[in-house]
Amino acid sequence: MRFIISSTTLLRNLQAISGVMSNNNTLPILDDFLFQLDEERLTITASDMETSMSVSMEPGKMEEAGSVAIPAKILLDMLKTFADIPITFNINQENFNIEIASGEGKYKLNGHNSEEYPLPKKIEESASFNINSQIIVNSVNKTLFAAGNDELRQMMMGMYWDINPERIIFVCTDAHKLVRYTRTDAKGEEESTFILPKKPLVNLKNLLAAQDITVNIRYSDTHAIFTFGNFVLTSRMIEGKYPNYNAVIPQENPNVLRTERLPLLTTLKRVGIFANQSTHQVRFRISGKELSLSAEDIDYSNEAVERLSCDYEGEDMDIGFNSKFLLEMLNNIDDDIVRIEMSQPNRAGLILPGEESDQEEEDILMLVMPVMLNN
């Protein structure tokens, strides 16, 4: 097995797929990249068992098809030191010894038998649809921060996809906060739902962030396969029934606050510094056209109060929120004006764009549970 390839091209593609690898693999061979060479292309795969990513390339010169698993760390560390030069790989298919030549340099390392490498899951029966890469990027940016980290509630540790022929709804929640992001310019051919883990979604976002391309998604009951450019990402889905997110969204919210997003964001950052570091509680005292934000940490005698002008319709109200949750939400709303809808101090508040969105195909709703105030 022999091929010649640009060091820069190889490094760029290896770094792109290395994000799926884990630092504590149960199988030692998962610390390797799987190299597979056929008559037309070189395919390299990285995996952590749950998620696999492959990239295909056309080397400058290829001789003798074959496959080998090559230790990832030493290969990446070596490639980072090269300028953009052609490098030659010679692999002995009997003992898996690897010889790498670059100009005047020659390097040897031990590879492993590729037959021990767990290949990505093949989907026999599947549905599929196409989606723009930027919709995936936006859905991850705007929702994934709300996903949970509780191993006992694994369903909440991923992003829920609710697909039908008219739209796709992306949902994340951890029971304290929830984001529902709807796109009517993305749709599937049939109704279906599934939950994807965070890790493959973060990898997708990082790879697609600077691209505006079409991504094909094929999925079965257990796996989803994302194909774009020369990359293929295969992910196992999270099993279980997702909570009925619509049931927790309050419908009657007579108390509506509108204010400028950026001043609220910066004020919340300042006041939140003085809040209790376990609850991050900030008190919203709303009266007339004035919003007062206050926080205190009794243990350290820290206290902060700041006032903002606002447009408010409803009864005067004192309500507490976790400032960290609110900051995450405000950072992911694009409007200059933000709208907060509330019913009672012990009921969830809704965070919404203040104005009608210029993008009719996009809709976002964020929900945050209140924090009990200490009177």
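If you take the residues in the range 354-375 that are under 19 Å from THR173 (Cα atoms) and either among the aromatic types (Phe, Trp, Tyr) or open to solvent by 70 Å² or more (accessible area, probe 1.4 Å) (or both), which one is farthest from the chain's Cα centre (by Cα)?
In this case the residue turns out to be MET369.
Could you grab me the full set of residues in the range 13-49 that are open to solvent by 40 Å² or more (accessible area, probe 1.4 Å), free of Cβ contacts under 8 Å to residues at least 60 places away in the same chain and either farther than 20 Å from ILE98 by Cβ or among the acidic types (Asp, Glu) (or both)?
ASN23, ASN24, THR26, ASP31, ASP38, GLU39, GLU40
Which strands (runs of 3 or more DSSP E) does the range 177-223 wholly contain that include 1 or more residues that are over 25 Å from ASN244 (Cβ atoms) and not basic (Lys, Arg)?
214-219
Go through the range 221-237 and give me each residue that's under 18 Å from ALA127 (Cβ atoms) and open to solvent by 30 Å² or more (accessible area, probe 1.4 Å).
ASP221, THR222, THR227, VAL232, ARG236
Criterion first (under 27 Å from the mean Cα position of the chain (by Cα) and closer than 18 Å to LYS199 by Cα) does THR8 satisfy it?
Taking the combined requirement at face value, the residue does not satisfy it.
Can you spot a residue in the range 62-80 that is in a helix (DSSP H, G or I), under 22 Å from HIS223 (Cα atoms) and open to solvent by less than 70 Å² (accessible area, probe 1.4 Å)?
So far as the range 62-80 goes, no, none of its residues is in a helix (DSSP H, G or I), under 22 Å from HIS223 (Cα atoms) and open to solvent by less than 70 Å² (accessible area, probe 1.4 Å).
Does the range 191-208 include one or more residues that are in contact (Cβ under 8 Å) with a residue 12 or more places away in the chain, of a type outside the set (Asp, Glu), over 24 Å from SER18 (Cβ atoms) and open to solvent by 50 Å² or more (accessible area, probe 1.4 Å)?
Taking every residue of the range 191-208 in turn, at least one turns out to be in contact (Cβ under 8 Å) with a residue 12 or more places away in the chain, of a type outside the set (Asp, Glu), over 24 Å from SER18 (Cβ atoms) and open to solvent by 50 Å² or more (accessible area, probe 1.4 Å).
Please enumerate the residues belonging to the range 28-61 that are aliphatic (A, V, I, L, M), out of contact with any helix residue (DSSP H, G or I) (no Cβ under 7 Å at 6 or more places or on another chain) and assigned to a strand (DSSP E or B).
LEU37, LEU42
In the range 340-353, what count of residues is obtained for those that are in a loop (DSSP other than H, G, I, E, B) and buried (at least 19 other Cβ atoms within 10 Å of the Cβ)?
1
Which members of the range 5-50 meet the condition of being at pLDDT below 95, touching a Pro at 6+ places or on another chain (Cβ under 9 Å) and among the charged types (D, E, K, R)?
ARG41, GLU50
The values are calculated or read from the model by the stated rules, or taken from the named source; none is laboratory data. The structure displayed is predicted, hence computed values, not measured ones. As a convention, Cβ positions derive from the backbone with ideal geometry for all residues, glycine included, and neighbour counts pool all protein chains shown. Calculation scope for accessible area: heavy atoms of the full protein, side chains included, ligands and nucleic acids excluded. Shrake-Rupley method; radii C 1.70, N 1.55, O 1.52, S 1.80 Å.
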